[in-house]
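Have a look at the structure below before the remarks.
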């Protein structure tokens, strides 16, 4: 078994005055390389916090988080940033496309912060990704000229520009109608079949039931697998 994500007794504690809130409470979780899994649960159950811990956006209060074999809780911010930039792609419910950049420029943007590769190589990679998500003909369009489904597909392409091993999707179909949600799911499924590890936080049970494994959270605790 090759686990690309491992969490052992992970706790994320927030203090609000005298109150202590366990956003994540002693969670154990293992995800194999290449798996497509869903994390589900009611609002406030800790899903996004868990995704932030996996994505090295946050560190646990206690416990161990390993990403591709690296224990992240002891790493400095510079080291965490390197993992986020090279090993992990992020997709959100809000697309976060820059309104003044074209689709192609938005996809290329994260590669600008990476020192690997020539500018032309990065642009060619972005064009390949636009083709992957079926939007080659939208390369020179601004976000205001795209539909919600198209913007989410651009966001997926952007998340892949640095060739990550892991794709984290936080409610990727939350702002989409059922037809566009199906298109986005099919893209995620293809990426998983091509070897990418895909972890999706979702309220869309239809999407969740199509993944390989469902993890259920309630009050910060893992209910079952």
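Listed here are the residues, each with its yes/no results for (1) in contact (Cβ under 8 Å) with a residue 24 or more places away in the chain; (2) more than 14 Å from the chain's Cα centre (by Cα).
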residue: 131; (1), (2): no, yes
residue: 135; (1), (2): yes, yes
residue: 148; (1), (2): yes, yes
residue: 152; (1), (2): yes, no
residue: 158; (1), (2): yes, no
residue: 186; (1), (2): no, yes
residue: 196; (1), (2): yes, no
residue: 219; (1), (2): yes, yes
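Screening residue 96 on (1) assigned to a loop (DSSP other than H, G, I, E, B); (2) touching a strand residue (DSSP E or B) at 6+ places or on another chain (Cβ under 7 Å) shows it passes everything except condition (2). Of the candidates 208, 200, the single residue that is touching a helix residue (DSSP H, G or I) at 6+ places or on another chain (Cβ under 9 Å), in contact (Cβ under 8 Å) with a residue 40 or more places away in the chain and closer than 17 Å to residue 43 by Cβ is 200. Could you tell me whether residue 181 is within 22 Å of residue 136 (Cα to Cα), surrounded by 23 or more Cβ atoms within 10 Å (Cβ to Cβ) and in contact with a helix residue (DSSP H, G or I) (Cβ under 9 Å, 6 or more places away or on another chain)? No, not satisfied. For the stretch 40-53, check the following and say yes or no: at least one residue is closer than 27 Å to residue 174 by Cα and loosely packed, with under 13 Cβ neighbours inside 10 Å. Yes, there is a match, as at least one residue in the stretch 40-53 is closer than 27 Å to residue 174 by Cα and loosely packed, with under 13 Cβ neighbours inside 10 Å.
Filter the stretch 71-89 for residues that are more than 18 Å from the chain's Cα centre (by Cα) and surrounded by 15 or more Cβ atoms within 10 Å (Cβ to Cβ) and give the result. Reasoning before the result, please.
Of the residues in the stretch 71-89, the ones more than 18 Å from the chain's Cα centre (by Cα) are 71, 73-79.
Within the stretch 71-89, 73, 75 meet the criteria.
Taking the stretch 1-33 as the range and being farther than 24 Å from residue 197 by Cβ and loosely packed, with under 15 Cβ neighbours inside 10 Å as the test, the residues that pass are 13, 14, 15, 16, 17, 18, 19, 20, 21.
Residue 119: free of Cβ contacts under 8 Å to residues at least 60 places away in the same chain, surrounded by fewer than 14 Cβ atoms within 10 Å (Cβ to Cβ) and within 24 Å of residue 99 (Cα to Cα), yes or no?
Working: free of Cβ contacts under 8 Å to residues at least 60 places away in the same chain: yes; surrounded by fewer than 14 Cβ atoms within 10 Å (Cβ to Cβ): yes; within 24 Å of residue 99 (Cα to Cα): yes.
Judged against the criteria, residue 119 is a match.
Computed from the coordinates by the stated procedures, all read-outs in this text should not be read as laboratory data. Predicted model only: the values in this text are computed from it and were never measured. So basically every Cβ, Gly included, is an ideal-geometry build from the backbone, and we count neighbours across all protein chains shown.
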